[in-house]
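Colleague: Once you've had a glance at the structure underneath, I'll fire off some questions.
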Amino acid sequence: MTRTSEALTPELHAYIVAHTEPVDPVLADLAEETARLFPDRKGMQIGPEQGVFSTLLTRISRARNAVEIGTFTGYSSICFARGLPEDGTLLTLDVSEEWTSVARRYWERAGVDGKIELRLGPALDSLRALPDDTRFDLAFVDADKTGYVDYWEELVPRIRPGGLILADNTLSHGRVVDPEETSPAVQGIRDFNERLVSDDRVEQVLLPIGDGLTLARKR
């Protein structure tokens, strides 16, 4: 037994990936193409173990309607869409036609394109433009870090009771605990983390998966 999480060495991370549901050729090819086309941005893509976790969590929660803020090249959206039932829907929001053009190809190849609706434009505007009665079972936030609090405030009222919200990069590569780190992105994550701790509409946990993955359940 231990009361702390293990610090992951590269070797231990490789062991975790090797003992998790294997990545299929579609996701493997997507990860490779993303790294080749956008080498400076490849870190924006979730890791293989987080992808499997996302699919399993979607299935376990029996989510039918999901929303994703931040599409990039589509790795996470494939993982969430695979966890949805055949008649499930995933609304995914992004600002880049270039990145999401890659996503569209891989959604089709993965056979989940029929479940996914992409809307291009500022995500906050897209959320606010939804009909007032729009509700989701699950949401995933992985976009500009300075916008996390605003996304949260738009999402919580739209999540059904018992529904889930996940937010990525909530450790900001450890910078959240560095007092000398004052960049807007890091401060945005700090503000978001503090907002969740004080929000009695949800119960939440910050998991040491990837760069920090917060999981919240609406009461």
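The values are calculated or read from the model by the stated rules, or taken from the named source; none is laboratory data. This one's a predicted model, so the numbers in the text were calculated from it and none came from an experiment. Ideal geometry is used to build each Cβ from the backbone, glycine not excepted, and the neighbour counts take in all protein chains shown. Ligands, DNA and RNA are excluded from the accessible area calculation, which covers all protein heavy atoms including side chains. Shrake-Rupley method; radii C 1.70, N 1.55, O 1.52, S 1.80 Å.
Colleague: Could you sort the peptides 123-134, 48-59 by per-residue average Cβ neighbour count (10 Å cutoff), highest mean leading?
Modeller: Packing order, densest peptide first, comes out as 48-59, 123-134.
Colleague: Let me ask another. If we sort 92-105, 70-83, 178-191 on the protection proxy, mean other Cβ atoms within 10 Å, highest first, what's the order?
Modeller: 70-83, 92-105, 178-191
Colleague: Which of the three applies to region 61-125, rounded, prolate or oblate, going by the alpha-carbon gyration tensor with a ≥ b ≥ c and a/c under 1.5 meaning rounded?
Modeller: Cα axes put region 61-125 in the oblate bin.
Colleague: Given axes a ≥ b ≥ c from the Cα gyration tensor, I'd like to know whether region 1-114 is rounded (a/c under 1.5), prolate (a/b larger than b/c) or oblate.
Modeller: oblate
Colleague: If you find the alpha carbon centre of region 161-219 and of region 55-90, how far apart are they in angstrom?
Modeller: 20 Å
Colleague: Accessible area per residue, 1.4 Å probe, Å², for region 125-167: what's the number?
Modeller: Normalised by residue count, the accessible surface of region 125-167 is 39 Å².
Colleague: Moving on. Under 14 Å from the Cβ of Ala18, count the other residues' Cβ atoms, weight Lys and Arg +1, Asp and Glu -1, and hand me the total.
Modeller: -3
Colleague: Something else now. Using +1 on the beta carbon of Lys and Arg, -1 on that of Asp and Glu, and nothing else charged, what's the dipole of region 1-75 about the Cα centre, debye to 20?
Modeller: Dipole about the Cα centre, nearest 20: 380 debye.
Colleague: Decide, for region 85-156, between rounded, prolate and oblate: order the square roots of the alpha carbon gyration tensor eigenvalues as a ≥ b ≥ c, take rounded if a/c falls under 1.5, and otherwise choose prolate if a/b is larger than b/c, else oblate.
Modeller: Oblate, since a/c reaches 1.5 and b/c is not below a/b.
Colleague: State the antiparallel share, in %, of DSSP beta bridges confined to the chain, rounding to the nearest 5.
Modeller: The answer is about 35 percent antiparallel.
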